[in-house]
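One structure is given below, encoded as structure tokens.
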Amino acid sequence: VQLQASGGGLVQAGGSLRLSCAASGRALSDYAVAWFRQAPGKEREKIAAISRSALTSYYADSVKGRFTLSRDSAKNSGILQMNNLKPEDTAVYYCAARDTVLGTTVPNTYDYWGQGTQVTVSS
């Protein structure tokens, strides 16, 4: 599967952005999906993930209650809705996918990656 991330941009604090991870080659519903981000000088961190069945999800404490990861089956995409953005959310955001045996598994590592999309939140 090939992944294409999009939707990043510049937004003021308190604003919203919607990131999309479009898949090609296979149905994204065959995979667990995650979003990572990497800020300058920091390690890449997993911020949201959803299992293949969508029955299990994970959110980092830093984004819990503000970000929501969902699937758009019609567009074969994973959507990260980001609300109430803060300057500390500024980073390059990456989507990733991994095939799992169990549909409820949220993996720690991922096999397929999209290119990053820059999110910048101004104060």
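Would you mind stating whether VAL11 is over 13 Å from the mean Cα position of the chain (by Cα), open to solvent by less than 50 Å² (accessible area, probe 1.4 Å) and under 15 Å from THR120 (Cα atoms)? Against the criterion (over 13 Å from the mean Cα position of the chain (by Cα), open to solvent by less than 50 Å² (accessible area, probe 1.4 Å) and under 15 Å from THR120 (Cα atoms)), VAL11 qualifies.
Scanning segment 24-53 for residues that are of a type in the set (Gly, Ala, Ser), out of contact with any strand residue (DSSP E or B) (no Cβ under 6 Å at 6 or more places or on another chain) and in contact (Cβ under 8 Å) with a residue 12 or more places away in the chain yields ALA27, SER29, SER53. Can we say VAL11 is at pLDDT 95 or above, closer than 25 Å to ALA74 by Cβ, in a strand (DSSP E or B) and not aromatic (Phe, Trp, Tyr)? Answer is no for this residue.
Among residues that are touching a Ser or Thr at 6+ places or on another chain (Cβ under 9 Å), basic (Lys, Arg), farther than 19 Å from GLY114 by Cβ and modelled with pLDDT of 95 or more, LYS75 is not included.
Within segment 1-23, residues that are of a type in the set (Lys, Arg) have Cβ atoms under 9 Å from residues that are in a strand (DSSP E or B) and open to solvent by less than 50 Å² (accessible area, probe 1.4 Å) in these pairs: ARG18/ILE79; ARG18/LEU80; ARG18/MET82, counting only partners at least 6 apart in sequence or on another chain. Considering only residues in segment 17-63 that are basic (Lys, Arg) and within 18 Å of ASN108 (Cα to Cα), the one that is least open to solvent (accessible area, probe 1.4 Å) turns out to be ARG37.
Can TYR110 be described as modelled with pLDDT of 95 or more and part of a loop (DSSP other than H, G, I, E, B)? The answer is yes for TYR110.
The values are calculated or read from the model by the stated rules, or taken from the named source; none is laboratory data. The model shown is predicted, which means the values in this text are computed figures rather than measured ones. Backbone-built Cβ (ideal geometry, glycine too); neighbour counts: all protein chains shown. Note: areas computed on protein heavy atoms with side chains; ligands, DNA, RNA excluded. Shrake-Rupley method; radii C 1.70, N 1.55, O 1.52, S 1.80 Å.
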